[in-house]
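**Q** To start, I am sharing the structure in question, which I have written as structure tokens.
The values are calculated or read from the model by the stated rules, or taken from the named source; none is laboratory data. Owing to the predicted nature of the structure, the values given are computational and were not obtained by experimental measurement. Here the Cβ positions follow ideal geometry from the backbone for every residue, glycine too, while neighbour counts run over all protein chains shown. These accessible areas exclude ligands, DNA and RNA; they are computed on the full protein's heavy atoms, side chains included. Shrake-Rupley method; radii C 1.70, N 1.55, O 1.52, S 1.80 Å.
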Amino acid sequence: MNRFDEVAATWDDDPAKLERAARAAEAIRRRVPLAGSGWNALELGSGTGLLSRALAGDLGPITLVDTSEQMTLVGAEKVSAETEHHVTAYCLDLTDETPETGPYDVAYSLLALHHIDDVAGALRAVHDLLVPGGWLAVVDLDADPDGSFHHRHESEAIPHAHDGFAPERLAELLTEAGFVAVEVTDAGFTIERGDPPRTYPVVCGVARRA
């Protein structure tokens with residue numbers, strides 16, 4: 001059992017996480033034409049499906065993908081309970097396995113990419129799972145040079161592979177994965193944590209499959 005499995009049942013107890021998902025959904029809706037789309041959707045690194053739950057009103061079938069079995073189970077249960085959508089959940093690594101519910105019109109993630117070792121491989125996998133013209137939206141930490149977002153908060157000893165992504169680096173990764181119309185901008189909200197509190201900027205990267 002990994003650390004994410006251990007915290008899955010209580011992950012949503014922190015109201016800041018729910019607020020963060022709502023703000024991320026707002027950022028995505030400003031950049032991706034989701035309104036009433038009914039699109040087939042994929043959440044990468046879905047955790048408890050917070051972002052899918054926040055976006056569900058504009059989506060069709062939802063697929064959750066995470067490498068934590070417990071997060072996947074909790075996410076499927078909560079998305080099903082809170083929405084009327086058909087939900088499918090997979091505990092898998094997209095660089096090794098492919099969900100059976102694609103292709104997808106839109107894919108998205110919230111603070112998941114920096115936990116993935118092989119970011120380039122994951123982005124290529126998502127690219128190939130999208131329909132032509134399909135959208136990807138990534139909401140994640142801006143570059144955190146001293147790694148304090150995770151390292152200063154040992155009570156949340158969650159494994160991570162990267163200390164955020166500078167906008168130009170995220171744009172480069174998306175382009176190298178084959179995406180076009182790449183745009184990485186400030187997400188319009190920040191994350192505050194620590195004692196004393198420290199503010200961490202968040203970026204939103206949007207791109208399309210050609």
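**Q** Around D118, what is the net charge, scoring Lys/Arg as +1 and Asp/Glu as -1 over all other residues with Cβ under 14 Å from its Cβ?
**A** -4
**Q** What relative contact order, as a whole-number percentage, does region 10-62 give when Cα pairs under 8 Å and 6 or more residues apart are counted?
**A** 41 percent
**Q** Does the chain classify as rounded, prolate or oblate by the C-alpha gyration tensor (a ≥ b ≥ c root eigenvalues; a/c under 1.5 gives rounded; else a/b over b/c gives prolate, otherwise oblate)?
**A** rounded
**Q** Using mean Cβ contacts within 10 Å as the protection proxy, how do 73-80, 186-193 order, highest first?
**A** Ranking, from highest mean packing down: 73-80, 186-193.
**Q** Further question on the same structure: Spin-label point model (7 Å from Cα, Cβ direction): what's the A35 to V131 distance in nm?
**A** Taking the simple label geometry, A35 and V131 are separated by 2.0 nm.
**Q** Note down the net charge around E77, summing +1 for each Lys or Arg and -1 for each Asp or Glu among other residues with Cβ under 14 Å from its Cβ.
**A** Residues close to E77 contribute a combined charge of -2.
**Q** Something else about it: Highest mean first, what order results for 171-184, 122-135 on Cβ atoms within 10 Å?
**A** Peptide ranking by packing, descending: 122-135, 171-184.
**Q** Return the calculated 222 nm mean residue ellipticity for the chain, to the nearest 500 deg cm²/dmol, obtained by summing -39500 (n - 2.57) across DSSP H runs with n ≥ 4 and dividing by the residue count.
**A** Taking each H run of at least 4 residues, the total per residue is -9000 deg cm²/dmol.
**Q** What is the sum of charges around I62, taking Lys and Arg as +1, Asp and Glu as -1, for the other residues whose C-beta is under 12 Å from the C-beta of I62?
**A** That sum, taken over residues with Cβ under 12 Å, equals -3.
**Q** Per the 1.4 Å probe, what fraction of the accessible area of the chain, in percent, lies on carbon and sulfur atoms?
**A** 48 percent
**Q** Can you give me the accessible area per residue for region 50-133, using a 1.4 Å probe, in Å²?
**A** 42 Å²
**Q** OK, next. Output wanted: per-residue J couplings in Hz (rounded whole) for region 15-29, from phi through Karplus 6.51 cos²θ - 1.76 cosθ + 1.60, θ = phi - 60°, x for Gly and Pro.
**A** x, 5, 5, 5, 5, 4, 5, 5, 5, 5, 4, 4, 4, 5, 5
**Q** OK, next. If packing is taken as the average count of other Cβ atoms within 10 Å, what order do 86-99, 35-48 fall into, highest mean first?
**A** The densest-packed peptide leads the list: 35-48, 86-99.
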